[in-house]
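A short write-up of the structure that comes next.
The values are calculated or read from the model by the stated rules, or taken from the named source; none is laboratory data. Small disclaimer: the values here were computed from a predicted structure and weren't measured. Note that we place each Cβ from the backbone using ideal geometry, even for glycine, and neighbour counts take in every protein chain shown. To get the accessible areas, we keep the full protein, side chains included, count just its heavy atoms, and leave off ligands, DNA and RNA. Shrake-Rupley method; radii C 1.70, N 1.55, O 1.52, S 1.80 Å.
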Amino acid sequence: MAHRVVITGMGCVSGMGVGVEALWDGLMRAQSAITPTHLVAGQHQTTLPAVRVAGYCPLNHFTADELIMRDRYAQFAIVAAREAVQQAGLGCGEQTPGDTGVVLGSGGGGELAREEAAVRMFYEGKIRCNPITVPKVNNQASVGLVSMEFGFTGPSFIVATGCAAATHAMCQAYLLIQSGVLVRALTGGTEAPVMLSVFQAFDAARVMSHTTCRPFSRDRDGMVIGEGGAVVVMEELQAARARGANILAEVCGIGMSSDASNTLYPTEAGPAQAITCALAMSRIHAEEVDYVNAHGTGTQANDRIETAAIRRALGHHADNITVSSTKALHGHAFGGAGGIELVATVLALQHGVAPPTANYLGHDEGCDLDYAPNAPRERRIDMAIKQSFAFGGVNAVLALRRDIRL
Amino acid sequence: MDIPHDTAIEQAIYESIWRVKPSLQAMPMTPATRLSSLGLASIEIMSVVFEMEDVFEVSIVDRQLDTFRTIGEGRDVVRKLLDERNGHVPALAAE
């Protein structure tokens, strides 16, 4: 028997600030958090547009002792998980710890600690490395720390598919609950990639904007890196109802695919296949989709091909939906992006408002959908799709429904 | 490099411990304080040794001398390594 899966809590740390409310306020104001950011490592430095979490002070969330062993990316996961667990009303004693798992996405894990160690060894000439580097850089540190925070003893693991990591992780959490392995999971993603070595690598790959992020717009010139993470509580429907949880949305299906084509250049077919799979699993028709929260990085290739993929999957109905990318507002948080954007998608369902695609300058060839340019778009949203893609041609999609159908 | 006094070495060890666990600044420590009494996890003790190596620019782990139990024993390990590096013959070895 396939169990139905719902979302009962959400937490978020983004360029808009700490908390789900800060994210939504920022999205509705349509004011981008992208600012020129100066980065230094060893003798190197650069300034590029980026997004850091607004107002984030680690000591407001952790003791000085705890921070010694928690890289920034893991901090985001814990802070977001606390908010999600609180909203879901978990931890009140009625749950069995083994029924709950932690499944998060993170592309790079503790990369800040890794860069610090590299500077120390290769710039400062030190030969020994602080042993605490090991638990800080581990990708799985985030899920381990989240499980310890709440005492959940179900399976915990990290999915590391780069920019699709959070969405892939949420797909895995969905499947674990749907198949009855878990009753609930804390799931989403986290990343703290605002650091020189990451910037230099992506800049060398010529995918970074030196101005700002303009998804689907003319004159777009690349992505802008951001940081942050989000965690949602996914839960089996009957279990959620039994404990009187407030159901925020239903996850009605997922789709995953591979382009199997090229490391950097995406295809139209791969993402379209993932969208089609998600709709098929959800048993909904393309015509029922109201809103797509796009991957929308702001690169020339992604946005044009993503538009074509949406058209291929949804057919003529693509002209009736609203598509938006919120990355122009909070930046691209890589393995955390899908989590932040899923929270935005659930809020769009609840409020009946599609978040805007900010920094939009006008129509560009090959990008011919309704992108809610520069301002939120009020509209009824019953069904929504969240999609994420990553280098390597790996694609993940979640289909969400606002109301529970019997 | 001048060899620091024992009290200076002890102070540097205290500071190494505080860098690994800042809350221990509130705990009185003496050379007789055992590391096992400080509530440090094994990796934190390794990190204290790392910090000591960094401050004094000595190799404690490579010499397999990271088995000291008290701050005073740690001080003696550091003094031995500093003496060796500076060509001093430790008093005990000369007897």
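Quick check: is even one residue across segment A:75-83 within 14 Å of chain B (Cβ to nearest Cβ), of a type in the set (K, R) and open to solvent by 10 Å² or more (accessible area, probe 1.4 Å)?
Within segment A:75-83 (the criterion being within 14 Å of chain B (Cβ to nearest Cβ), of a type in the set (K, R) and open to solvent by 10 Å² or more (accessible area, probe 1.4 Å)), the answer is no, since none of the residues qualifies.
What number of residues in segment A:127-157 are away from every other protein chain (no Cβ under 14 Å) and open to solvent by 40 Å² or more (accessible area, probe 1.4 Å)?
Of the residues in segment A:127-157, 7 are away from every other protein chain (no Cβ under 14 Å) and open to solvent by 40 Å² or more (accessible area, probe 1.4 Å).
Mind checking which residues of segment A:35-61 are buried (at least 17 other Cβ atoms within 10 Å of the Cβ) and closer than 18 Å to A:A230 by Cα?
A:V51, A:R52, A:V53, A:A54, A:Y56, A:H61
Mind telling me which of the residues A:A160, A:A166, A:A141 ends up being under 18 Å from A:G253 (Cβ atoms), touching a Gly at 6+ places or on another chain (Cβ under 8 Å) and modelled with pLDDT of 95 or more?
A:A166
Go over the candidates A:R184, A:R206, A:R218 one by one and state the one that is basic (K, R), in contact (Cβ under 8 Å) with a residue 60 or more places away in the chain and open to solvent by 50 Å² or more (accessible area, probe 1.4 Å). First the steps, then the outcome.
Numbers: A:R184 fails: open to solvent by 50 Å² or more (accessible area, probe 1.4 Å); A:R206 fails: in contact (Cβ under 8 Å) with a residue 60 or more places away in the chain.
Among A:R184, A:R206, A:R218, only A:R218 is basic (K, R), in contact (Cβ under 8 Å) with a residue 60 or more places away in the chain and open to solvent by 50 Å² or more (accessible area, probe 1.4 Å).
Could you check how many residues of segment A:3-34 are open to solvent by 70 Å² or more (accessible area, probe 1.4 Å) and of a type outside the set (D, E)?
The qualifying residues number 3.
Against the definition (more than 14 Å from chain B (Cβ to nearest Cβ), open to solvent by 30 Å² or more (accessible area, probe 1.4 Å), in a helix (DSSP H, G or I) and at pLDDT below 95), how does A:G91 come out, yes or no? Let's see the steps before the verdict.
Working: more than 14 Å from chain B (Cβ to nearest Cβ): yes; open to solvent by 30 Å² or more (accessible area, probe 1.4 Å): yes; in a helix (DSSP H, G or I): no; at pLDDT below 95: yes.
For A:G91, the condition - more than 14 Å from chain B (Cβ to nearest Cβ), open to solvent by 30 Å² or more (accessible area, probe 1.4 Å), in a helix (DSSP H, G or I) and at pLDDT below 95 - is not met.
Of all residues in segment A:333-381, how many are of a type in the set (K, R) and exposed (fewer than 15 other Cβ atoms within 10 Å of the Cβ)?
The total comes to 1.
Tally the residues that are touching a helix residue (DSSP H, G or I) at 6+ places or on another chain (Cβ under 6 Å) and either over 21 Å from A:N139 (Cβ atoms) or free of Cβ contacts under 8 Å to residues at least 24 places away in the same chain (or both), restricting the search to segment A:62-74.
3
Taking the criterion of being in a loop (DSSP other than H, G, I, E, B), at pLDDT below 95 and either among the polar types (S, T, N, Q) or within 25 Å of A:T212 (Cα to Cα) (or both), would at least one residue in segment A:383-391 satisfy it?
yes
Pull out all pairs, ordered by first then second residue, where Cβ-Cβ is under 6 Å, the residues are six or more apart or on different chains, the first lies in segment A:360-388 and is over 15 Å from A:A308 (Cα atoms), and the second is acidic (D, E).
Note: pairs meeting the criteria are A:L361/A:D219; A:I381/A:D290; A:D382/A:D290; A:M383/A:E288; A:M383/A:D290; A:K386/A:E341.
Return yes when A:T263 is β-branched (V, I, T) and either in contact (Cβ under 8 Å) with a residue 60 or more places away in the chain or not in a helix (DSSP H, G or I) (or both) and no when it is not. Spell out the reasoning first.
Details: β-branched (V, I, T): yes; either in contact (Cβ under 8 Å) with a residue 60 or more places away in the chain or not in a helix (DSSP H, G or I) (or both): yes.
Spelling it out, A:T263 is indeed β-branched (V, I, T) and either in contact (Cβ under 8 Å) with a residue 60 or more places away in the chain or not in a helix (DSSP H, G or I) (or both).
Could you please tell me which pairs satisfy a Cβ distance under 7 Å, a separation of 6+ or placement on different chains, a first residue in segment A:32-43 that is touching a residue at least 60 places away in the same chain (Cβ under 8 Å), and a second residue that is hydroxyl-bearing (S, T, Y) and open to solvent by 40 Å² or more (accessible area, probe 1.4 Å)?
Once the first residue is touching a residue at least 60 places away in the same chain (Cβ under 8 Å) and sits in segment A:32-43, its partners that are hydroxyl-bearing (S, T, Y) and open to solvent by 40 Å² or more (accessible area, probe 1.4 Å) give A:T37/A:T47; A:A41/A:S197; A:G42/A:Y123; A:Q43/A:Y123.
Filter segment B:25-69 down to the residues that are more than 19 Å from A:E66 (Cβ to Cβ), open to solvent by 50 Å² or more (accessible area, probe 1.4 Å), outside any loop (DSSP other than H, G, I, E, B) and not hydrophobic (A, V, I, L, M, F, W, C) and list them by number.
Hits for segment B:25-69 are B:R34, B:S36, B:S37.
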